[in-house]
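Notes follow the structure.
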Amino acid sequence: MHRHVAKPHPGPSPGEPSLYEWVGGLPALHRMTRLFYEKYVPDDPLLAPVFANIGPDHPERVATWFGEVFGGPKTYSERYGGYDWMVSQHIGKALTEEQRAHWAELMCRCADEADLPADPEFRAAFVSYIEWGSRIALENSSPGAKPPMHMPVPRWWWVCDATPGARVSALGEQPEEEKSVSTPRADEPPSFEAHVKPLFRERDRGSMKFAFDLWSYEDVSANADAILAKLRDGSMPCDGAWPAEQVAVFERWIAAGMPK
Ligand code: HEM
């Protein structure tokens, strides 16, 4: 007998935004679903008949589903019936591949029109969910389908490590001049201003700006352990790990009580 083994869920690494945060939360998703269901669907020959009976809150309900899937609050589960309700809404609808493909294509068009982030990383994650979800909706809607019930709402994440800041943008600033980084003497406790802050380049600061400011003493000291973990495992900065001596300066600064 095959058992379903739950794999660890992909999820936030320290300092990494969820898709929900990146997209701009529920207001952004709601802008998109309103365009979809209110502006386009009513006059769409393929989709209008499918959605002929939706209630006025349908755009909000679907936006709330997306929000929960993208790592936002679990409002769909708490307020709208969660996974079981969502699945029940597709059962027996006998959707066609033509309708599905058009649904997916139109949702992407509405994402553009609603000004959702257009960066490659976000759109890769977004489109992968739209494709995955819409193909499951199609499968669940087919005559005789028996989708498993009582499953958790999926949680979607960045795909294949394509996270914000994981690559150097071709349109960003050109490589910075090497800054002079002064290493503290062995008997000198490192200070934030003199030794730690200069270790962070403008590019590092830009990549993390959504979460905190790498040039702010308050922010770096509040997140010091998480930052150190990323420096140690080489996942930050994303364009190349720090040399061991720089990591050691950061460690010494923490050990010294994080002097300003
Ligand atoms: C990623 C793909 C999809 C997601 C996330 C999604 C999400 C949802 C959700 C959350 C609901 C329930 C809303 C509520 O009442 O709370 C729903 C209902 C529904 N969905 Fe989907 N859906 C997807 C794909 C599709 C596709 C491809 C079609 C058809 C082409 C479709 C047709 C419908 C219909 C007909 C309903 C019931 C509407 C009503 O009469 O109330 N869905 N969907």
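The values are calculated or read from the model by the stated rules, or taken from the named source; none is laboratory data. None of the values given here were measured: they were computed from a predicted structure. Note that we place each Cβ from the backbone using ideal geometry, even for glycine, and neighbour counts take in every protein chain shown. Remember, those area values only see protein heavy atoms, side chains included, never the ligands or the DNA or RNA. Shrake-Rupley method; radii C 1.70, N 1.55, O 1.52, S 1.80 Å.
Consider PRO14 carefully, then state whether it is modelled with pLDDT under 95, surrounded by fewer than 20 Cβ atoms within 10 Å (Cβ to Cβ) and not hydrophobic (A, V, I, L, M, F, W, C). Against the criterion (modelled with pLDDT under 95, surrounded by fewer than 20 Cβ atoms within 10 Å (Cβ to Cβ) and not hydrophobic (A, V, I, L, M, F, W, C)), PRO14 qualifies. Annotation: PRO27 fulfils all but one of (1) surrounded by fewer than 18 Cβ atoms within 10 Å (Cβ to Cβ); (2) modelled with pLDDT of 95 or more; (3) in contact with a Gly (Cβ under 9 Å, 6 or more places away or on another chain); the unmet one is (3). The set of residues in the range 132-175 that are among the aromatic types (Phe, Trp, Tyr) and not in a helix (DSSP H, G or I) comprises TRP156, TRP157, TRP158. For the range 95-144, a residue qualifies if it is under 26 Å from TRP85 (Cα atoms), small (Gly, Ala, Ser) and open to solvent by 30 Å² or more (accessible area, probe 1.4 Å), and the qualifying residues are ALA101, SER128, SER142, GLY144. When the range 54-78 is filtered for residues that are within 8 Å of the ligand (Cβ to nearest atom), open to solvent by less than 50 Å² (accessible area, probe 1.4 Å), without any contact (Cβ under 8 Å) to a residue 40 or more places away in the chain and among the aliphatic types (A, V, I, L, M), only VAL62 remains. Just the residues that are within 19 Å of PRO164 (Cβ to Cβ) and aromatic (Phe, Trp, Tyr), please, taken from the range 200-232. Once the filter is applied, which keeps residues that are within 19 Å of PRO164 (Cβ to Cβ) and aromatic (Phe, Trp, Tyr), the range 200-232 yields PHE200, PHE210, PHE212, TRP215.
Considering the range 86-98, the residues that are part of a helix (DSSP H, G or I) and near the ligand (Cβ under 6 Å from one of its atoms) include one that is nearest to ARG135 (Cα to Cα), namely HIS90.
For PHE51, state whether it is within 8 Å of the ligand (Cβ to nearest atom), without any contact (Cβ under 8 Å) to a residue 24 or more places away in the chain and either crowded, with 20+ Cβ neighbours inside 10 Å or not in a helix (DSSP H, G or I) (or both). It is true that PHE51 is within 8 Å of the ligand (Cβ to nearest atom), without any contact (Cβ under 8 Å) to a residue 24 or more places away in the chain and either crowded, with 20+ Cβ neighbours inside 10 Å or not in a helix (DSSP H, G or I) (or both).
Being free of Cβ contacts under 8 Å to residues at least 60 places away in the same chain and open to solvent by less than 30 Å² (accessible area, probe 1.4 Å) is the filter here; which residues of the range 201-220 pass it? Of everything in the range 201-220, those that are free of Cβ contacts under 8 Å to residues at least 60 places away in the same chain and open to solvent by less than 30 Å² (accessible area, probe 1.4 Å) turn out to be ASP204, LEU214, SER216, VAL220.
In the list ALA118, ALA114, ALA166, which residue meets the criterion of being away from the ligand (no atom under 15 Å from the Cβ) and in contact with a Cys (Cβ under 6 Å, 6 or more places away or on another chain)?
Values: ALA118 fails: in contact with a Cys (Cβ under 6 Å, 6 or more places away or on another chain); ALA114 fails: in contact with a Cys (Cβ under 6 Å, 6 or more places away or on another chain).
ALA166 is the lone residue from the list that is away from the ligand (no atom under 15 Å from the Cβ) and in contact with a Cys (Cβ under 6 Å, 6 or more places away or on another chain).
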